[in-house]
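Worksheet: the structure to be examined is printed underneath.
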Number of protein chains: 2
Amino acid sequence: MPRVRPDQLAARRREILAGARACFARYGYEGATVRLLEKETGLSRGAIFHHFRDKESLFIAVAQDDAATMVATVEQFGLVQVMRDLLHRDDADTAGWLGSQLEVSRRLRTDPDFASRWSAPTDAVVAATRERLSRQRDAGVLRSDVPIDTLAKFLELAYDGLVLHLAMGRAAGDLEPVLDLVEAAVRRPAHD
Amino acid sequence: MPRVRPDQLAARRREILAGARACFARYGYEGATVRLLEKETGLSRGAIFHHFRDKESLFIAVAQDDAATMVATVEQFGLVQVMRDLLHRDDADTAGWLGSQLEVSRRLRTDPDFASRWSAPTDAVVAATRERLSRQRDAGVLRSDVPIDTLAKFLELAYDGLVLHLAMGRAAGDLEPVLDLVEAAVRRPAHD
C-alpha cells in the first residue's frame with residue numbers, strides 16, 4: 001500500500017464529513033444508509049469506516065465540526081452571531097442537517113452512552129458562551145441584575161428555538177429583529 | 001350492533017388519544033406501530049381506526065388536543081405560562097411526546113400535505129398569542145418600542161427552545177429564572 005501523508009488524511013477526513021453532512025441533511029439520521037453515505041462521499045464503506053468507527057461516530061464527528069466553528073464565532077462575536085449566521089445560511093441543507101439532529105432526541109433520552117458522546121460538542125459551545133458573557137460583564141456591556149448562568153441559558157434557549165424553527169422548515173426571513181430583541185435582553189439598558 | 005351514545009363516542013376518542021400520546025412518547029412516531037398502539041390503548045386496530053383514519057391522523061389529533069389546551073392557557077395567562085406549565089409537567093412522557101414531534105421534522109420539510117395538516121394546530125396557538133399581546137399592549141403592560149409581530153415571534157422562539165430542550169432530555173429544573181427573563185423582555189420596563 002502506498003504511504004499516505006498526514007495532510008492527505010486530513011483532506012480525506014474533511015471530504016467524508018462534508019459528504020456525510022449532506023447525506024444526513026437529505027435523508028435524516030435513520031435514512032442515511034451506508035450505501036447512501038458511499039454515494040454521497042464518492043468513497044467505499046471501507047474508506048469511510050477507516051476514518052470513522054461507525055455511522056454514529058460519523059454523525060457525532062459532523063456535530064463536533066459544527067461545534068468547533070460555533071465556538072470560534074462565540075469567542076469572538078457571541079452566541080447571537082451564531083444564530084445570525086444560521087439565518088443567513090438558511091437553506092435546505094442546513095435545515096436538513098438540523099432536522100437530523102432532532103431525529104436522535106429519543107436516543108439521547110434512552111441511550112446514556114450516545115447522550116454523553118453527543119453532549120461533548122454541545123458542552124464546548126456552552127462553556128465558550130459563559131466565558132464570553134463573563135468577559136462582557138467585566139467590560140460593563142452586560143446587564144448586571146441577572147446571573148451569568150441565567151443569561152447563558154436564555155441565549156441557549158433562543159439558539160435551540162432557532163434550531164427547531166429552521167429544522168421544521170419554517171421561514172427564517174423575518175427573525176432578524178427577534179434576534180435583536182434576544183441580544184438586547186442580555187445587555188445593559190442604554191439609560192443605565 | 002348496539003347503538004353508541006355520543007358521550008360514549010367522545011369518551012372512547014379521549015381514551016384512544018391518551019393511549020396514543022403515551023405510545024408516541026415511549027416509542028417515537030416511527031416506532032409506534034399499530035400493534036403497540038393497540039397494546040397501549042387496549043383497543044383493536046378496528047376500533048382505533050374507526051375514530052382516526054390512520055396513524056398520521058391520530059398523531060395530528062394528539063397535537064390538536066395539545067394545541068386546544070395551549071390556546072386556552074394563552075388566552076388567559078399568555079404563552080410564557082404554557083412554558084411554565086411544561087417545566088412543571090417535566091417527565092419522561094412529556095419529553096417523549098415532544099421528542100416524537102421533533103422526529104417528524106424531515107416530513108414537515110418534504111411533505112406539503114403533512115406540513116399543512118400539522119401547522120393548523122400550531123397556527124391556532126400563534127393567533128391566540130398575537131391576540132393576547134394586542135390586548136396587553138392596549139392595557140399598557142407591554143413594551144411599546146417593538147412591533148407585536150416581533151414580540152410574538154420572540155415568545156414562539158423561546159417556546160420552541162424549551163420544546164427542544166425538554167425533548168432532548170435535558171434538565172428543566174433551573175429554567176424558571178430564564179422564563180422570567182423571557183417575560184420581562186416583552187413587558188414595559190418598570191421605570192418607564
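Values quoted throughout were computed directly from the atomic coordinates according to the rules given, and no laboratory measurement underlies them. This structure is a prediction, so every number in the text was calculated from the model and none was measured. Please note: Cβ atoms are built from the backbone with ideal geometry, for glycine as well, and neighbour counts cover all protein chains shown.
What the table below lists for this structure:
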| item | result |
| --- | --- |
| Distance between the range A:76-97 and the range B:12-45 - C-alpha centres, whole angstrom | 37 |
| Most mobile of A:Val80, A:Val125, A:Val141 in a GNM of chain A (Cα contacts under 10 Å) | A:Val141 |
| Label geometry 7 Å along the beta-carbon vector: B:Val141 inter-copy distances in nm | 3.4 |
| Relative contact order of chain A, defined on C-alpha pairs under 8 angstrom at six or more residues apart (%) | 24 |
| For the range A:70-76, 3J(HN,Hα) per residue [Karplus equation, 6.51 cos²θ - 1.76 cosθ + 1.60, θ = phi - 60°, Hz, x = Gly/Pro] | 5, 4, 4, 5, 4, 4, 8 |
| Normalised contact order of the range B:1-104, rounded percent, pairs of Cα under 8 Å and 6 or more residues apart | 38 |
| R0 of 56 Å, Cβ-Cβ distance A:Arg13-B:Ala127: FRET efficiency to nearest 0.05 | 0.70 |
| Pair B:Arg143, B:Arg35: separation of 7 Å Cα→Cβ label points (nm) | 5.5 |
| Value of Rg to Rh for the range A:40-192 (Rh from inverse mean 1/r over Cα pairs, i.e. Kirkwood) | 1.02 |
| Nm distances between copies for B:Thr69, ranked from closest, using label points 7 Å along Cα→Cβ | 3.8 |
| Quotient of Cα Rg and 2.2 N^0.38 Å for the range A:1-84, N being how many residues it contains | 1.24 |
| Nearest-first distances (nm) between copies at B:Ser116, label 7 Å from Cα via Cβ | 4.9 |
| FRET efficiency estimate (nearest 0.05) - Cβ-Cβ, A:Arg135 to B:Asp113, R0 51 angstrom | 0.55 |
| Residue-count net charge about B:Ala167 - beta-carbon cut-off 10 Å; Lys, Arg +1, Asp, Glu -1 | +1 |
